[in-house]
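The structure appears right after this line, and notes come after that.
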Amino acid sequence: PERVAEAASRLDLNYVVLTSVTRDDLPDGGAAHFARVTRALRDRTPHIGVEVLTPDFMGRRADITTVLDAQPNVFNHNIETCARLTPCIRSGADYSRSLDVLEWAAALSRSGKMVKIKSGLMLGMGESDREIRQTLEDLRNRGVTFLTLGQYLPPSSRHWPVARYVHPDEFNEWRRTAEDELGFDFVASGPLVRSSYLAEQAVEVSLH
């Protein structure tokens with residue numbers, strides 16, 4: 001944690017996104033380490049914004065609470081895709097469990113943690129428009145207010161293939177739907193958008 005904090009300070013960063021591979025080998029899934037790094041960043045640079053992009057901690061509420069107790073500005077856990085495709089694409093993950101993680105984080109935020117809840121998905125995996133809409137509704141109904149939508153690109157030929165390339169106009173339409181119809185506070189939607197895209201700007205928008 002101290003090395004991360006030192007690096008952020010030396011780079012004069014105003015906002016940091018912390019993430020990790022899934023650490024199911026650890027009893028708490030790495031939750032305490034997320035919390036320690038968050039606190040170390042704040043101790044070194046009090047004004048810094050911190051976003052955590054976490055695994056699902058196997059749905060353990062105590063571990064999610066550990067992370068939120070460190071008071072990051074944003075708690076992010078990506079749903080990645082629709083319910084139907086989740087078993088094919090998200091190895092070891094569960095659509096309902098991810099929603100439960102986000103819902104618990106949102107409940108903690110409402111109870112005084114004051115943390116923004118964020119999630120995202122990649123389009124072009126074979127999902128239908130109806131499935132996209134249902135996923136967005138599921139996220140919003142669980143308390144998610146920040147959203148990212150991007151184009152899926154397989155890391156290698158061995159990964160899930162691209163079903164289609166989504167036109168930028170469609171990304172714009174999904175942004176409009178998410179903001180105007182479903183009530184998300186901030187939506188980044190476009191072919192090149194990824195989970196941390198404009199992350200600091202999302203927080204700034206929410207404050208105004």
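The values are calculated or read from the model by the stated rules, or taken from the named source; none is laboratory data. Every value quoted in this text rests on a predicted model; they were computed, and no experiment measured them. Backbone-built Cβ (ideal geometry, glycine too); neighbour counts: all protein chains shown. These accessible areas exclude ligands, DNA and RNA; they are computed on the full protein's heavy atoms, side chains included. Shrake-Rupley method; radii C 1.70, N 1.55, O 1.52, S 1.80 Å.
See the values below:
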item	result
Residues that are open to solvent by 30 Å² or more (accessible area, probe 1.4 Å) and within 13 Å of the chain's Cα centre (by Cα), drawn from the range 71-93	73, 80
Condition check for residue 156: assigned to a loop (DSSP other than H, G, I, E, B) and either free of Cβ contacts under 8 Å to residues at least 40 places away in the same chain or touching a Gly at 6+ places or on another chain (Cβ under 9 Å) (or both)	yes
Selected residue (only one of 102, 149 is in a helix (DSSP H, G or I), under 23 Å from residue 55 (Cβ atoms) and either open to solvent by 30 Å² or more (accessible area, probe 1.4 Å) or at pLDDT 95 or above (or both))	102
Hits in the range 115-141 (condition: part of a strand (DSSP E or B) and either open to solvent by 10 Å² or more (accessible area, probe 1.4 Å) or touching a Pro at 6+ places or on another chain (Cβ under 7 Å) (or both))	116, 122
When residues of the range 35-51 are limited to those that are part of a helix (DSSP H, G or I) and in contact with a helix residue (DSSP H, G or I) (Cβ under 6 Å, 6 or more places away or on another chain), the one most open to solvent (accessible area, probe 1.4 Å)	44
Among (1) at pLDDT below 95; (2) closer than 27 Å to residue 161 by Cβ; (3) open to solvent by less than 50 Å² (accessible area, probe 1.4 Å); (4) assigned to a helix (DSSP H, G or I) - the single one residue 109 does not satisfy	(2)
When residues of the range 17-34 are limited to those that are touching a residue at least 60 places away in the same chain (Cβ under 8 Å) and surrounded by 15 or more Cβ atoms within 10 Å (Cβ to Cβ), the one farthest from residue 92 (Cα to Cα)	17
Residues being of a type in the set (Ser, Thr, Tyr) and within 21 Å of the chain's Cα centre (by Cα) - total across the range 123-182	5
Single condition residue 144 does not satisfy, out of (1) open to solvent by 10 Å² or more (accessible area, probe 1.4 Å); (2) in a loop (DSSP other than H, G, I, E, B)	(1)
Selection status of residue 198, modelled with pLDDT of 95 or more and not hydroxyl-bearing (Ser, Thr, Tyr)	no
Qualifying residue in the range 58-70 (condition: in a loop (DSSP other than H, G, I, E, B) and either open to solvent by less than 20 Å² (accessible area, probe 1.4 Å) or at pLDDT 95 or above (or both))	yes
Checking residue 143 against (1) modelled with pLDDT of 95 or more; (2) at negative phi, the condition it does not meet	(2)
